[in-house]
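Written below as structure tokens is the structure these notes are about.
The values are calculated or read from the model by the stated rules, or taken from the named source; none is laboratory data. If you're wondering where the values come from, they're calculated on a predicted model, not measured in any experiment. Note that we place each Cβ from the backbone using ideal geometry, even for glycine, and neighbour counts take in every protein chain shown.
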Amino acid sequence: MPTNLKIFIKVIVVSVIAAVVYGLFLLGSPAQQRLIKLDQQRVSDIQSISYAINAYWGYNKKLPATLEVLVKSQDYYISSLKDPTTGEHYEYRILGEKQYELCANFNTDSSNFQNVSLPKPASEEKWEYRKGATCFSREAYSEGR
């Protein structure tokens, strides 16, 4: 085999390996991507719960005593009340007449992958989280505000 062809093949092999390593560096390992995807699901679940609470507030002018009230009424869409990994219920706490918190345990920190597409809320509320237990404090409102 001519020397130039050997050099060319080696350059191609090194380039492919470098591209794969660079891709893993940018995106993270498949295991890391799975953790990010699970956290995105948690955010999506909590957003749907928050929207259901707002709809409940709009009709009843009070917060639901529990999240199960929303599910039992069948008037509100909630993707899930449970964490996709552990199966535990997301935490819901009433803080005041219109104030509440929704909490979950996250595997990653959302600031580490700001270029990754997260579910986009319809409102201007922030949905950033840290690794571990994170609570989102919200105030219920009617759609007409």
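All of Ser73, Ser111 fail the test of being free of Cβ contacts under 8 Å to residues at least 40 places away in the same chain and closer than 17 Å to Glu125 by Cβ, apart from Ser111.
Being free of Cβ contacts under 8 Å to residues at least 40 places away in the same chain and either more than 13 Å from Arg138 (Cβ to Cβ) or small (Gly, Ala, Ser) (or both) holds for only one residue in Ala104, Ala65, Ala55, and it is Ala65.
Residues in the range 84-103 that are touching an Asp or Glu at 6+ places or on another chain (Cβ under 8 Å) and among the charged types (D, E, K, R) were compared, and the one that is surrounded by the most Cβ atoms within 10 Å (Cβ to Cβ) is Lys98.
Scanning the range 22-78 for residues being polar (S, T, N, Q), more than 15 Å from the chain's Cα centre (by Cα) and either in a helix (DSSP H, G or I) or at pLDDT 90 or above (or both) gives a total of 4. Within the range 92-109, is there a residue that is modelled with pLDDT under 95, of a type in the set (A, V, I, L, M) and part of a loop (DSSP other than H, G, I, E, B)? No, the range 92-109 has no match at all.
Return a yes/no flag: does the range 42-53 have any residue that is of a type in the set (Ser, Thr, Tyr) and closer than 18 Å to Thr108 by Cβ. Scanning the range 42-53, I find at least one residue that is of a type in the set (Ser, Thr, Tyr) and closer than 18 Å to Thr108 by Cβ, so the answer is yes.
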